[in-house]
Amino acid sequence: MAIIQRSTKLSLRQEEYRICSEPYVFYRLISDANGVRLMTATASEDTGDYRAYEDQGALISATAQVLSDREMDFVTKRDHANRPYIETSVYPDSEDLLHLASTILNRIGFEDISVLALREMMAIYNEFAIDDSGEDTYLSDGMWMTSDGRLIEK
């Protein structure tokens, strides 16, 4: 299951987190004077807890696609070892960040419980949607489902 944990991989002078699912770290979150940034993780944790996802090309490509789908700006950069990564500014909402990560992990075919749950929610949406417009679908008792598998109350 994708989770957000504190990390000290990059620096002790900033607030830092990782989005990971055993045995991989997929993203780093940095909170500093510039706001909160999300970046694809290029290197394993120094502690050995998590290793970087092996198919960096797939992770970067899927991340770019999902960020573009959400109309989020991002830049491609290179780390100190000249490995490419993607960086974007994000709002620090853990639920939204985990949904974003699950959506990307689904695209790269990584399976954990959060990705499987997302797939199930999207299947339910497709079952109840009356057309292909992508508009929210009413379920019952004020609960709606979005095309990306989220439940919302209106």
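Coordinate-derived values only; no laboratory data. Values in this document were obtained by computation on a predicted structure and should not be read as measured data. So basically every Cβ, Gly included, is an ideal-geometry build from the backbone, and we count neighbours across all protein chains shown.
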Cα long-axis angle, helix 94-107 against the chain (0 to 90 degrees, to the nearest 10)
90 degrees
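Suppose R0 equals 41 Å; then what is the FRET efficiency for GLN5 and SER133 from their Cβ-Cβ distance, rounded to the nearest 0.05? If you can, show how the numbers build up before the last one.
Details: r = 38 Å, r/R0 = 0.93.
With R0 = 41 Å, the Cβ-Cβ based efficiency is 0.60.
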FRET efficiency for LYS154 and ARG37 from the Cβ-Cβ distance with R0 = 35 Å, rounded to 0.05, comes out at 0.65
Figure the gain on full extension for ASP96 and GLN14 (residue separation times 0.36 nm, minus the Cα-Cα span) and round it to one decimal in nm.
27.3 nm
Any idea what % of Cα-Cα pairs in the range 15-154 are farther than 26 Å?
28 percent
